[in-house]
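Visitor: For reference, the structure I am asking about is given below.
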There are 2 protein chains.
Amino acid sequence: MTKIGFIGLGIMGGPMAANLVKAGFDVAGYNRSQAKVERFVEAGGTGAATVAEAVRDRDVIITCLPDSPDVEEMALGDDGVFAHAREGALFIDMSTIQPATARKIAEAGRARGFGVLDAPISGGERGAIEATLSIMVGGEGVEVETARPVFEAMGKTIVHVGPAGAGQTVKAANQLICAVNIQAVAEAIVFLEANSVDPTTAINALSGGLAGSAVLERRAPSMVERNFQPGFRAELHDKDLRILTAAARDAGVTIPLGTAAAQLMAALVAQGDGKLDNTALLKLVEELSGR
Amino acid sequence: MTKIGFIGLGIMGGPMAANLVKAGFDVAGYNRSQAKVERFVEAGGTGAATVAEAVRDRDVIITCLPDSPDVEEMALGDDGVFAHAREGALFIDMSTIQPATARKIAEAGRARGFGVLDAPISGGERGAIEATLSIMVGGEGVEVETARPVFEAMGKTIVHVGPAGAGQTVKAANQLICAVNIQAVAEAIVFLEANSVDPTTAINALSGGLAGSAVLERRAPSMVERNFQPGFRAELHDKDLRILTAAARDAGVTIPLGTAAAQLMAALVAQGDGKLDNTALLKLVEELSGR
């Protein structure tokens, strides 16, 4: 049986690790705050008090952490995954981080005899709980196949998108499109309402045409109601858009709307609305319009 | 039998008028350039040499013209529709124009005893030919019902979105969302390629999630191939985005991404690419990125 070490039992990592347990894997879970480890033990997992304990003798080690520096330290640090894992183990980072950091970790891991995949996710907390995540995987094909049963216990759509870092690149593109599409719908709703047009009727008329999108179908109704319960918090999307803009600069690509959407999301967070859903961009459009 | 006068037999109006003939309506067609009238006669329509001839004694008069001033002159001018039509006729403008102009025409028409609807369309040349257009209708409910059989001969999705001008407002919102979504996909494709990720694989991975959209599904494949055959020409979308930005300003609404997309579309046209499909925004992203 595949033995898994899971590091980072947060909003996403917690239910993902629990789904691995449910699927029959032997999972040792570690988290900096031990309260989350205890919750994982209640869900049937094995608690680990240290990184070393979570990693030692495991076939697969998964991280699901907040940001690039966290993952880099956890992978490469003196008390990190590569320092404690057995040779030949497969390291899978499922956090959303810089593509450049993912490539650096892959190179360092391979040099020390580990398999390495970057496998960021989309689908939100609900997708993590219901094991319906989309998983965008970068790395060697052989290692992706090894990991596939593990991914299938957590997600529904598993796509190998390219070599090391490609998963993170596709995730960044995903966050670009989502942010821009949300902002477009926010602007359209405020524009419609300012012209006394019922936005729900209008959205129904627009959904079947080229303006149709998952954002318009799934998120516009709660935006019209001003229900900004997350969902996916603005502060997390803000972090992902900082990754996007840095990665675009690294690659020498100019992304005018991606950059503008990143600034608007940052403004939303700066105004204290970072805990709201990312669709709260609508609030910002209203404020900018004095409404 | 409903007698229709159809003014403006261009790329959209030509096939729309022909579909009315096919559906059994008695249609008199007028166009400034008579060559298009001749083509309409070949399609079974009745040719009109003057506006007066197209309009006199008709139950319904439809215009499908390039821009706001054309429609305003055609509706209100000395040799226009209201000057020649019989009292009680229903005037339907299917052009894409300023919501404010649509409201002005509706008010003037009603004062003179006419019914007036604004009914802009989306779905492109193909939708016009195949009678699968989406029609967004502003005006009185009773008149919308009178016009419904006429609309059904030209389109598939007919939605009454509100009072006079509402059709144009919804069309402007449609053009906002389409332009922004196209630009987002253009930025994502260039970003993916610059990072050596195959965009087709990535697009397949993204389509099922919140980044999914009609643009991603229907337009991204030809964008990846750099096939910019129209479709919907950039210069027409540019015109529609000028309507959007003016209407947003009229309504006091700030639309940061809508405005940015309008500027990018204008830049594309300024560079001489106005005859290409609006998805040629991708070319602009590549130029801005020195690729």
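The values are calculated or read from the model by the stated rules, or taken from the named source; none is laboratory data. Because the structure is a prediction, the values reported are computed rather than measured. Positions of Cβ are generated from backbone atoms using ideal geometry, with glycine treated the same way; all protein chains shown enter the neighbour counts. Ligands, DNA and RNA are excluded from the accessible area calculation, which covers all protein heavy atoms including side chains. Shrake-Rupley method; radii C 1.70, N 1.55, O 1.52, S 1.80 Å.
Visitor: Being among the basic types (Lys, Arg) and surrounded by fewer than 23 Cβ atoms within 10 Å (Cβ to Cβ) is the filter here; which residues of region A:49-73 pass it? Spell out how you get there, then give the answer.
Guide: Here is the first cut: in region A:49-73, the ones among the basic types (Lys, Arg) are A:56, A:58.
Selection gives A:Arg56 alone.
Visitor: Right, another one. Of all strands (runs of 3 or more DSSP E) completely enclosed by region A:107-219, which ones contain at least 2 residues that are within 7 Å of another protein chain (Cβ to nearest Cβ) and open to solvent by 30 Å² or more (accessible area, probe 1.4 Å)? Talk me through it step by step, then tell me what you get.
Guide: Working: elements: A:115-118, A:133-138, A:155-162.
The qualifying strands (runs of 3 or more DSSP E) are A:155-162.
Visitor: Check region B:226-236 and report whether any residue there is free of Cβ contacts under 8 Å to residues at least 60 places away in the same chain, of a type in the set (D, E, K, R), facing chain A (nearest Cβ under 7 Å) and farther than 19 Å from A:Glu217 by Cβ.
Guide: no
Visitor: Another one. For region B:261-291, how many residues meet the condition of being in a helix (DSSP H, G or I), within 11 Å of another protein chain (Cβ to nearest Cβ) and touching a residue at least 24 places away in the same chain (Cβ under 8 Å)? Write out each step before concluding.
Guide: Filtering region B:261-291 down to residues in a helix (DSSP H, G or I) leaves B:261-273, B:278-288.
Of the ones still in play, those that are also within 11 Å of another protein chain (Cβ to nearest Cβ) are B:261, B:263-264, B:267, B:278-279, B:281, B:284-288.
Those left that are additionally touching a residue at least 24 places away in the same chain (Cβ under 8 Å): B:261, B:264, B:278-279, B:281, B:284-286.
Residues that pass the stated criteria total 8.
Visitor: Among the residues of region A:111-143, count how many are without any contact (Cβ under 8 Å) to a residue 60 or more places away in the chain and either under 27 Å from B:Leu210 (Cβ atoms) or of a type outside the set (D, E, K, R) (or both). Quick ask: steps written out before the conclusion?
Guide: First, the residues of region A:111-143 that are without any contact (Cβ under 8 Å) to a residue 60 or more places away in the chain: A:111-120, A:122-123, A:126-127, A:130, A:132, A:134-143.
Now drop any that are not either under 27 Å from B:Leu210 (Cβ atoms) or of a type outside the set (D, E, K, R) (or both), which leaves A:111, A:113-120, A:122-123, A:126-127, A:130, A:132, A:134-139, A:141-142.
Here the count works out to 23.
Visitor: Identify all residues within region A:245-260 that are assigned to a helix (DSSP H, G or I) and either more than 10 Å from chain B (Cβ to nearest Cβ) or open to solvent by less than 10 Å² (accessible area, probe 1.4 Å) (or both); write none if there are none. So that I can check it myself, show each step before the final result.
Guide: Looking only at region A:245-260, we keep the residues that are assigned to a helix (DSSP H, G or I), and these are A:245-251, A:256-260.
Hits for region A:245-260 are A:Thr245, A:Ala246, A:Ala247, A:Ala248, A:Arg249, A:Leu257, A:Gly258.
Visitor: How many residues does region A:232-264 contain that are closer than 16 Å to A:Ala100 by Cβ and of a type in the set (Val, Ile, Thr)?
Guide: Counting residues in region A:232-264 that are closer than 16 Å to A:Ala100 by Cβ and of a type in the set (Val, Ile, Thr) gives 3.
Visitor: What is the number of the single condition among (1) within 17 Å of B:Ile177 (Cα to Cα); (2) open to solvent by 40 Å² or more (accessible area, probe 1.4 Å) that B:Leu241 does not meet?
Guide: (2)
Yes or no, residue by residue, for (1) without any contact (Cβ under 8 Å) to a residue 24 or more places away in the chain; (2) of a type in the set (Lys, Arg); (3) not assigned by TED's automatic domain parsing to the domain that holds B:Thr101:
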residue	(1), (2), (3)
B:Val21	no, no, no
B:Arg39	no, yes, no
B:Gly47	yes, no, no
B:Val51	no, no, no
B:Val55	no, no, no
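Visitor: Tell me, which residue of region B:3-48 that is of a type in the set (S, T, N, Q) and farther than 18 Å from B:Met94 by Cα is modelled with the highest pLDDT?
Guide: Of the residues in region B:3-48, the ones of a type in the set (S, T, N, Q) are B:19, B:31, B:33-34, B:46.
Going one step further and asking which of them are farther than 18 Å from B:Met94 by Cα, we end up with B:33-34, B:46.
Numbers: B:Ser33: 94, B:Gln34: 94, B:Thr46: 98.
Residue satisfying both the conditions and the ranking: B:Thr46.
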